Amino acid sequence: MKTKVEAYHDYLELIPELQEKKVPIALAEWAYSGTPSTSYKVVPAYAWGFHEMIRHSDLYYMANFTCATSLMSMTRTDAILTPTGELFKLYANQFGTIPVTVSGNSPQPAPRYPAGGQAPEVHAGSDTFPLDVVAAFTEDRSAMTIAVINPSDSEQTLNLTFKDVEFGNAGTLWRMAPDDINAQNVIGQE
């Protein structure tokens, strides 16, 4: 996701007309493979993809997910959401739509094995390593949503500081954190 943003900025330099009439990114057919679609193991990677698109929502207009049926475990008569389906549902139903800038003092390290050998100039993720954080207001600005990915095997802490915004005392937590990274949602085995 990040390399596409950097390529977009390269095109802005090559094609000056894009400065005046920006053409948004429409990402077609994105997905990861290599694990069963019913596994939780890919969920942090998909969430990180969401975070990069949220961080660059001024450029990303849409993203079509490859093989949407992988979001369900199904038989001929029943269906349930896979962990990835639950992630899509969580972000669609709970995450805000007006992005808020998130900053920190711990930049993401360079990837050891960049996909396709393409490493972005600025590493993907927020400056909150080892966590990745995005935030957004709801459409009516009555609430702020904060999404945090912890890709590590250990519990992490995060100190939040907010500028120019006041909050009440209540909040709601939605969490996807199974006991085992290999946890699965399989129809008939719920």
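Some points to look at:
- Of the candidates Ala45, Ala26, Ala7, the single residue that is surrounded by fewer than 16 Cβ atoms within 10 Å (Cβ to Cβ), part of a helix (DSSP H, G or I) and either among the basic types (Lys, Arg) or under 19 Å from the mean Cα position of the chain (by Cα) (or both) is Ala45.
- Residues of the stretch 102-141 that are over 24 Å from Tyr91 (Cβ atoms) and either at pLDDT 95 or above or acidic (Asp, Glu) (or both): Glu121 alone.
- Failed condition for Asp58, given (1) free of Cβ contacts under 8 Å to residues at least 24 places away in the same chain; (2) of a type outside the set (A, V, I, L, M, F, W, C); (3) closer than 25 Å to Asp180 by Cα; (4) in contact with a Pro (Cβ under 9 Å, 6 or more places away or on another chain): (3)
- Matching entry among Asp153, Asp164, Asp140, Asp78 (being without any contact (Cβ under 8 Å) to a residue 12 or more places away in the chain and under 22 Å from Asn185 (Cα atoms)): Asp153
- Against the test of being crowded, with 18+ Cβ neighbours inside 10 Å and in a loop (DSSP other than H, G, I, E, B), the options Gly96, Gly34, Gly85 yield a single qualifying residue, Gly96.
The values are calculated or read from the model by the stated rules, or taken from the named source; none is laboratory data. What you see is a predicted model; the values in this text were computed from it and never measured. FYI the Cβ positions are ideal-geometry reconstructions off the backbone, even for glycines, and counts take in every protein chain you see.
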